[in-house]
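A.B. asks: What follows is a single structure, and I will ask about it in a moment.
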There are 2 protein chains.
Amino acid sequence: MAISEIVKELRQATGAGVLDCKKALEASNGDFDKAVEYLREKGLAAAAKRAGRAAKDGLIGIYVHHGSRVAAMVELNCETDFVARTQEFQTLAHDLAMQVTAAQPQYISREDVPPEVIEAEKQKYRAQMDGQNKPEHILDRIIEGKLEKFYQDTCILEQPFIKDEDSTVEDLIKSIIAKTGENIVIRRFVRYEIGQ
Amino acid sequence: MAISEIVKELRQATGAGVLDCKKALEASNGDFDKAVEYLREKGLAAAAKRAGRAAKDGLIGIYVHHGSRVAAMVELNCETDFVARTQEFQTLAHDLAMQVTAAQPQYISREDVPPEVIEAEKQKYRAQMDGQNKPEHILDRIIEGKLEKFYQDTCILEQPFIKDEDSTVEDLIKSIIAKTGENIVIRRFVRYEIGQ
């Protein structure tokens, strides 16, 4: 398995951040179970209190736009069937499917963007500024800024939540994690549109 | 584009069978438009009467199993918005999503099964009969039979329709094509199940 996939699984299992997961894997020489243990000991696993409970339950959220020409499906995971059946979780699953339908994300988080896509974006930004004679360090800063914007456009966790543009989808999910006390992760999503 | 993809597009555009599409492409030296013309002239394009009208309209069919732990989405294409809005077409889209949820197809038609998957299946069947000392031509016939069964299990068009196991999904679609007079094709489908 590629390191990025192990990091992803570790994030899904613990809800810890990417950097923490990478650190944990380094500290445990790539051993998955030891990395989970490491995160728990450091108190970095969101689900640390609920030993061994990964986000493996959940719901499929669905949204069909009027006319049935656009629709989306989201797999939203939590730890227990109990939380999956709560109104908050069901509403979240539905809202996320609506988010996918309307805001058309491509990835879950910025860690899921393939390196070659990032490289192509960077080259596109560079080409746009060709001939403007900007110093290299300014160019770099502009490119980093555009890349941040790209992540906010294409990664669902970083997108503004369509029902409340002042918060991101990640903020929304964190608020439901706080309410339910369980780790909650978007596992996957898909969007269909007629003719696209 | 790979030849199999061109054949697929030609099938979608004309509703003609795979063999006819391959013949048409050979006769037209791989030229897509000429191949369409060829199929029309031979009367092999199902949508031949409706010159130039590919199946580009349609609906997204959705089915969510009770409890929202399994769900599926199907893009079903027809030629016009008029047919997409008929009760028959809407029911078909919904039934196909239910089919995907329950019968878990992997492919649309047998032409979509990758050659390496077919090869792996054949080797599996051969290994199962290892040591039975069957003559080679008998072995071949048994393997072909098992492969037919594999197609019927995994390709949605060949699956028995879950609401009427005496007909296949392809029969069902053909009956709606006959009723509406438009070419109808399954473009894609996806199935989500919690934890799978």
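Each reported figure results from applying straightforward, stated rules to the coordinates on display, with no laboratory input. Because the structure is a prediction, the values reported are computed rather than measured. Every residue, glycine among them, receives a Cβ derived from its backbone with ideal geometry; neighbour counts consider all protein chains shown.
A.B. asks: Among A:GLN132, A:GLN106, A:GLN12, which one moves the most in a GNM of chain A with springs linking Cα atoms closer than 10 Å?
C.D. replies: A:GLN132
A.B. asks: Which of the lysines could a cross-linker bridge to B:LYS149, judged by Cα under 29 Å and excluding same-chain residues fewer than eight apart?
C.D. replies: By straight Cα distance, B:LYS149 reaches B:LYS8, B:LYS22, B:LYS23, B:LYS122, B:LYS124, B:LYS134, B:LYS163, B:LYS174.
A.B. asks: Something else: List the distances, in nm to one decimal, from the label point of B:ASP31 to the label points of the same position in every other copy, shortest first, placing each label point 7 Å from Cα along the Cα-to-Cβ direction.
C.D. replies: Ordered by increasing distance: 6.7 nm.
A.B. asks: Through the Karplus equation 6.51 cos²θ - 1.76 cosθ + 1.60, θ set to phi - 60°, convert the phi angles of the stretch A:101-118 into ³J(HN,Hα) values in whole Hz; use x for Gly and Pro.
C.D. replies: Going residue by residue, I get 4, 7, 9, 6, x, 9, 9, 7, 10, 4, 5, 8, 6, x, x, 5, 5, 4 Hz, with x marking Gly and Pro.
A.B. asks: Highest GNM mean-square fluctuation, chain A, Cα pairs closer than 10 Å: which of A:ILE138, A:ILE60, A:ILE118?
C.D. replies: Between A:ILE138, A:ILE60, A:ILE118, it is A:ILE138 that shows the largest mean-square fluctuation.
A.B. asks: Moving on to the next point. Would you calculate a helix-derived [θ] at 222 nm for the protein assembly as shown, using -39,500 (n - 2.57) for each DSSP H run of n ≥ 4 and dividing by the full residue count, to the nearest 500?
C.D. replies: Rounded to the nearest 500, the figure is -15500 deg cm²/dmol.
A.B. asks: Using only the Cα atoms of the protein assembly as shown, what semi-axes does the equivalent ellipsoid have when each is the square root of 5 times a gyration tensor eigenvalue? Give whole Å, largest first.
C.D. replies: Equivalent-ellipsoid dimensions as semi-axes: 42, 28, 25 Å.
A.B. asks: Given a Förster radius of 45 Å and the C-beta distance between A:LYS56 and B:GLU148 as r, what FRET efficiency does 1/(1 + (r/R0)^6) yield to the nearest 0.05?
C.D. replies: 0.75
A.B. asks: Copy-to-copy spacing for B:ILE138, label 7 Å out on the Cα-to-C-beta vector, in nm, shortest first?
C.D. replies: Copy-to-copy label distances at B:ILE138, shortest first: 8.3 nm.
A.B. asks: Positive end of the charge dipole of chain B (Lys, Arg +1 and Asp, Glu -1 on Cβ, about the Cα centre): tell me which of B:ASN133, B:ILE194, B:LEU172 has its Cα farthest that way.
C.D. replies: Selected residue: B:LEU172.
A.B. asks: Show which aspartates and glutamates lie in cross-link reach of A:LYS146 when reach means a straight Cα distance below 13 angstrom and same-chain residues fewer than eight apart are skipped.
C.D. replies: A:GLU119, A:GLU121
A.B. asks: May I pose another question? What distance in nm lies between label points placed 7 Å from Cα along the C-beta direction at B:HIS137 and B:LEU19?
C.D. replies: Between B:HIS137 and B:LEU19, the label points sit 2.2 nm apart.
A.B. asks: Restricting things to alpha carbons, find the Rg to Rh ratio for the stretch A:63-174 using the Kirkwood radius for Rh.
C.D. replies: Radius of gyration relative to Kirkwood radius: 1.10.
A.B. asks: While we're here: Counting Lys and Arg as +1 and Asp and Glu as -1, what is the net charge of the other residues whose Cβ lies under 14 Å from the Cβ of B:LEU19?
C.D. replies: +3
A.B. asks: Give the calculated FRET efficiency between A:LYS34 and B:GLU116 to the nearest 0.05, with a Förster radius of 45 Å applied to their Cβ-Cβ distance.
C.D. replies: E(calc), rounded to 0.05, equals 0.80.
A.B. asks: Looking only at B:ASP31, B:ASP20, B:ASP171, which one moves most when chain B is put into a Gaussian network model with springs between Cα atoms under 10 Å?
C.D. replies: Of B:ASP31, B:ASP20, B:ASP171, the most mobile in the Gaussian network model is B:ASP31.
A.B. asks: If you don't mind, there's one more thing I want to ask. For Cα pairs less than 8 Å apart in space and 6+ apart in sequence, what is the mean separation divided by the residue count of chain A, i.e. the relative contact order in percent?
C.D. replies: 24 percent
A.B. asks: Okay, next question. Return, for the Cα atoms of chain B, the radius of gyration and Dmax in Å, separated by a comma.
C.D. replies: Reported Rg and Dmax, both Å: 18.7, 60.
A.B. asks: Still on this model: Taking a label point 7 Å from Cα toward Cβ, how far is A:ARG85 from its twins in the other copies, in nm, shortest first?
C.D. replies: Listed shortest first, these distances are 4.2 nm.
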